[in-house]
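To start, the structure itself, in C-alpha cells.
Bear in mind that the values in this text are calculations on the coordinates, not laboratory data. On a predicted model such as this, the values are computed, not experimentally measured, just so you know. FYI the Cβ positions are ideal-geometry reconstructions off the backbone, even for glycines, and counts take in every protein chain you see.
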Amino acid sequence: MILSIIIVNYRTYELTNQTINSVIDTVKNIDYEIIVVDNNSGDGSLERLLSDFKDFDNVVFIKNDKNDGFAKANNLAFKEVEGEYTLLLNSDVIVNENTINQSLKYVQNHQNIGILGCKVVLPNGELDKACRRSFPTFEVSFYRFSGLSKLFPNSPRFNKYNLSYLDENGTYPVDCVVGAFMLIKSSIMRQCGAFDESYFMYGEDIDLCYKVKELGYDVYYYGEYDIVHYKGASGKNKRLLFEFYKSMEIFYNKHYREENSVIINIITYLSIWSLYYLKLIFLSIQNLF
C-alpha cells in the first residue's frame, strides 16, 4: 500500500464526514487507506460515521475509550498503518483536487524530504499562517510577541515566526508545517518515535518536525496545492487554552531550556504563563455574554 491517511474525530461528525468524502473524491489512482480514530466523542458521531462509510473497505475506524489527546490518538492509528507514506490530516479540513496526489508525487521525487505540508487556507480564503513556520526560539518568539513581526511583515529577521515575507504559493524548506496536513514517510515516522504524547493538543506537530530535522531530513512547504481548514472546529474552552500554552512550555523544556541562561528561561516562562492568564481572563469575559 502506498498511503495511509489518519484522521482523529472528536465530536465533529459533519466536518469529519466532509473530510473523508473530500479524500475519496480527490485521491486518484493510489492504493490508500483511511484510518479514523474516534477520541471517545460520546455524541453518536462514531456510529453515524460507521454507517456512512460501511461500504468502503479502505475506511476503517478505531474506537478510543478514553480521550488522552490528539497526539496519542494519532499514534494509536499509526500502529495500524500499512502505507509506505502516512498523511496526518485534521478532521476539519477539505482536501482540494490534486492536493494529495501531487504532494505524494513531490515527496516521492525528493527523497530527503521528511515531512511535507501543503498550503492551508481558511474558509475566508486567507492563508492559515500556521502552515509554515520557524521553530519558536527565544529570538523568534520575542519578535512575534513584541509586535515587531507586524511592524515589519516583509523582514526575514523580524518575521521568521510565520515567514510572511515568503511567497505563499511557493515551495521551499521550512522549520515546521502544521499538523492539519503532514505527509511523512512511514519509516521516518517510526524512526523518530511518532508524536510525543506529552502534548495533549497543540505543539506535537512542531515537535515532530524538530525530531525529523534532527534525523537529517528536510521539512518542506508545498504551496502549489492547498486544503481548506475550518480551524478550531473541535471547540475553544479553558482546557484547550491551557493545553495550548502548556505545549509551549513542553517544547521549550525539551529543546531550548538547557542551552539558554537562567534569565532567558525565567523570561520565557513568565511570558508563556502571563499570556495564558490574559487570554483566560479574556475568554471568561467572552463567556459572560
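Find the cysteines in the chain that fail to meet the 4.7 Å Cβ criterion with every other cysteine, and list them.
Taking the Cβ cut-off of 4.7 Å, the unpaired cysteines of the chain are Cys118, Cys131, Cys192.
Using only Cα atoms, locate the centre of segment 124-190 and the centre of segment 208-231, then give the distance between them in Å, rounded to an integer.
After rounding, the separation between the Cα centres reads 10 Å.
Which one of Phe61, Phe145, Phe135 has the biggest mean-square fluctuation once the chain is modelled by GNM with Cα springs under 10 Å?
Phe145
Rank by packing, highest mean first: peptides 114-120, 50-56, with packing defined as the count of other Cβ atoms within 10 Å averaged across residues. Provide the component values of the computation, followed by the final result.
Values: 114-120: 25.9, 50-56: 12.3.
Answer by packing, highest mean first, reads 114-120, 50-56.
Quick one: if you take sqrt(5λ) for each eigenvalue of the C-alpha gyration tensor of the chain, what semi-axes come out, biggest first, whole angstrom? Mind dumping the intermediate values first?
Details: eigenvalues 180, 106, 67 Å².
Largest first, the chain gives 30, 23, 18 Å.
Could you list Arg11, Arg48 so that the one with the fewest beta carbons within 10 Å of its beta carbon is first and the one with the most is last?
Arg48, Arg11
I need the phi-derived Karplus couplings for segment 36-45: 6.51 cos²θ - 1.76 cosθ + 1.60, θ = phi - 60°, integer Hz, Gly and Pro marked x.
10, 9, 8, 8, 6, 4, x, 10, x, 5
Would you mind checking which residues have amide H under 5 Å from Ile34's amide H? H placed 1.01 Å from N; only 5 or more apart, or other chain.
HN-HN under 5 Å from Ile34: Ile5, Val59, Val60.
Top mean-square fluctuation among Val212, Val27, Val36, Gaussian network model of the chain, C-alpha springs under 10 Å?
The residue that fluctuates most here is Val27.
Using amide H atoms built in the peptide plane, which far-off residues or other-chain residues are under 5 Å from Val174 H to H?
Val219, Tyr220, Tyr221
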